[in-house]
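The values are calculated or read from the model by the stated rules, or taken from the named source; none is laboratory data. Predicted model, so just to flag it, every value in this text is computed and none were measured. As a convention, Cβ positions derive from the backbone with ideal geometry for all residues, glycine included, and neighbour counts pool all protein chains shown. Heads up: the accessible areas ignore ligands, DNA and RNA and are worked out on the full protein's heavy atoms, side chains in. Shrake-Rupley method; radii C 1.70, N 1.55, O 1.52, S 1.80 Å.
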Amino acid sequence: MVLSAVFLCLGGLFIASPASGAAIFGIPAPNGVSAGYLRAIGFRDVALALYLVGLACFSTRRAVCLVLGASVFIPVCDVILVWSSGTAAPWQIALHVVSGGSLALVALWVSRPSIST
């Protein structure tokens, strides 16, 4: 749930203040109509948060694990985009690495066998 809250907050930031979201993301905000793409990043993050909450509350551990594992693709691609832009500070790249690592670690934690007493 904490991971979902983080993605919900990040998504909300991109939607409410695209320039601020871009400053955290690591690629400068575009001008004009292109700024709408930043809001698309926000909507993507909000959707990720919502389906993680939905799965955590109403689905199996296996489904949660599969979605978390597949979602690692998002920050991996973000690292590639930010790194190749040449405009990101090391902390911005690290943010995406931590995001991907967090998704992977939670997927591993959820996939561990249950201990029954």
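When each of Ala35, Ala23, Ala19 is tested for being in contact with a Pro (Cβ under 7 Å, 6 or more places away or on another chain) and aliphatic (A, V, I, L, M), the lone residue that passes is Ala35.
One residue stands out among those in segment 4-27 that are touching a helix residue (DSSP H, G or I) at 6+ places or on another chain (Cβ under 6 Å) and not small (Gly, Ala, Ser): the one that is most open to solvent (accessible area, probe 1.4 Å), which is Leu8. A residue that is farther than 30 Å from Val110 by Cα, touching a Leu at 6+ places or on another chain (Cβ under 8 Å) and either polar (S, T, N, Q) or not in a helix (DSSP H, G or I) (or both) cannot be found anywhere in segment 3-14. Screening Gly26 against (1) touching a residue at least 60 places away in the same chain (Cβ under 8 Å); (2) more than 16 Å from the chain's Cα centre (by Cα) leaves a single unmet condition, (2). Can you tell me which residues in segment 71-117 are under 20 Å from Ala29 (Cβ atoms), of a type outside the set (Gly, Ala, Ser) and open to solvent by less than 90 Å² (accessible area, probe 1.4 Å)? The answer is Ile74, Pro75, Cys77, Asp78, Val79, Val82, Thr87, Gln92, Ile93, Leu95, His96.
Determine the pairs where a residue that is part of a helix (DSSP H, G or I), located within segment 68-79, has a partner that is among the aromatic types (Phe, Trp, Tyr) with Cβ atoms under 9 Å apart, the partner being 6 or more residues away or on another chain. Going by the 9 Å Cβ cut-off, the qualifying pairs are Ser71/Tyr51; Asp78/Phe25. If the condition is being open to solvent by less than 50 Å² (accessible area, probe 1.4 Å) and either touching a strand residue (DSSP E or B) at 6+ places or on another chain (Cβ under 7 Å) or farther than 12 Å from Gly12 by Cα (or both), then segment 49-58 contributes Leu52, Gly54, Leu55.
Is one or more of the residues making up segment 31-47 under 14 Å from the mean Cα position of the chain (by Cα), of a type in the set (Phe, Trp, Tyr), closer than 19 Å to Leu108 by Cβ and open to solvent by 70 Å² or more (accessible area, probe 1.4 Å)? Within segment 31-47, none of the residues are under 14 Å from the mean Cα position of the chain (by Cα), of a type in the set (Phe, Trp, Tyr), closer than 19 Å to Leu108 by Cβ and open to solvent by 70 Å² or more (accessible area, probe 1.4 Å).
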